[in-house]
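Taking it in order: structure first as structure tokens, then the write-up.
The values are calculated or read from the model by the stated rules, or taken from the named source; none is laboratory data. Note that this is a predicted model, so its numbers are computed, not measured. Cβ sites come from the backbone with ideal geometry, for glycine too, and all protein chains shown count toward neighbours. Only protein heavy atoms, including side chains, enter the accessible area calculation; ligands, DNA and RNA are left aside. Shrake-Rupley method; radii C 1.70, N 1.55, O 1.52, S 1.80 Å.
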Amino acid sequence: MTYSLRSLRILVADDQGDVARTLCNALKRAGAHLKYATDGRSALDQISSNVFDLVLIDMKMPPDEWGGLWLLQQLQSNGYRLPSLVLSGEGSKQQVIEALRLGTADWIVKDQAGEELLPRCGKLLTDRLAESLDYACGYLPTPVAYRFARYVRMTDPEKKVIEGLHALESVLRFIAILGLSTTPARPLRAITAGRLAAPSMGTWFDMCTALADSATETAARYAAELLSWVAPERSDRSVIQDLVTLRNSIAHGRGEPSSAQAECLDGVLRRFAHRASSLWRAELIVPTSMTYDGSSYDINVCTLRGVGKPVPGTIKLTVPVISGNVFIVSEAFVPFSLAPWLVIDMNGLDDLRCLQFDGLQRGKAGIVSDTPFKYSDTAGGDYLSPVAHPEGRWETLAPWANH
């Protein structure tokens, strides 16, 4: 079987650099982007600052004697679900068993890696990409999961491309909302008042790149990290721009998508979903009530995950949050509100709608300081909510416009 690893990113952690490069020649020929680390610590540093689809781990490397086990332990304790494959030498069966216990997906005797590495990596990644869309529908934040679910259900090829473009737009919009919620307001490159008043897929993408390129705070860098799951390198952004162009062509009736374009879009969505399944470590919550015990807050929440109803639960935080607002919480940063970009229309816990910023409700007077935001249902319907947020007006949006 022939495996293509085009556009997939693999980290190779092995203290024998020349040997590792020789073993991985077949992966490179199959199209994989390879990066190398010479010990567990540098591998962990690379994983925390770059996006990878798979990590190959030599068992016997620094730190200490079995640095591969050390790396797997660190990945597990830090919440990474990045698939891994370990390379073992003679006399390391006990360590291989421990590696499997720590979550590695597969192992290869190093002496046999020259023949086995490509098919084993190829099968592992093929399986993960095949499962990725199910993960997106079940576990990603609701504003993104709904659109992935519609994409998965669609069977008509042309309509499936349209739903796929909507799914990609939902990802870009969500990333932009994270950036807008965590970055001090300033004019964004190429983002005019007119584009903000009626944002398109291209607007969301340009906002993502402008916000990500200048992210400095920890939470703001999280938005940049999500963009890297879509386009890991700046050169990859041209692929997304081509898909924006495709979306505009379809919307204006200027052509039908080709099979190559459909395949490209499917690959982008699956790679994003796979990376999210490996790296997403946050939750979207709506606090409903809160009590303080003198040191921390016990908060009843609804978690906006997947396409089902919000999941009730309780979390503990060291900072208070505002009931009824949408927050993103993670161990990596202080919780922050996504209002007024995401808001909730709630008539009890069984009737909760998550609404997203979708431009301005322009009237005869044009755009004035108190022109309210327009919101659309994240479920993808035509429902436009009369919900008003005190900050959901042009006055809040204006500082982002590049006049």
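Before moving on, here are some points about what is shown:
- Answer from 55, 51, 96, 86 - the residue that is more than 29 Å from the chain's Cα centre (by Cα) and touching a residue at least 24 places away in the same chain (Cβ under 8 Å): 96
- Whenever a residue of segment 305-317 is farther than 11 Å from residue 141 by Cα and touching a residue at least 12 places away in the same chain (Cβ under 8 Å), its partners that are hydroxyl-bearing (Ser, Thr, Tyr) and open to solvent by 30 Å² or more (accessible area, probe 1.4 Å), lying with C-beta atoms within less than 6 angstrom and at least six residues away or across chains, give the pairs 317/297.
- Enumerated helices (runs of 4 or more DSSP H) restricted to segment 205-310, each holding at least 3 residues that are modelled with pLDDT of 90 or more and open to solvent by 30 Å² or more (accessible area, probe 1.4 Å): 237-251, 259-279
- Residue that is surrounded by the fewest Cβ atoms within 10 Å (Cβ to Cβ) [pool: residues in segment 1-34 that are under 18 Å from residue 82 (Cα atoms) and among the small types (Gly, Ala, Ser)]: 7
- Residues in segment 31-70 that are assigned to a strand (DSSP E or B) and modelled with pLDDT of 95 or more: 9 in all.
- Tally of residues being in contact (Cβ under 8 Å) with a residue 60 or more places away in the chain and among the small types (Gly, Ala, Ser) across segment 5-14: 1
- For segment 291-304, residues that are touching a Pro at 6+ places or on another chain (Cβ under 8 Å) and free of Cβ contacts under 8 Å to residues at least 60 places away in the same chain total 7.
- Pairs linking a residue in segment 15-42 that is under 17 Å from residue 117 (Cα atoms) to a residue that is open to solvent by 80 Å² or more (accessible area, probe 1.4 Å) and in a helix (DSSP H, G or I), with Cβ atoms under 6 Å and 6 or more positions apart or on different chains, are 34/28.
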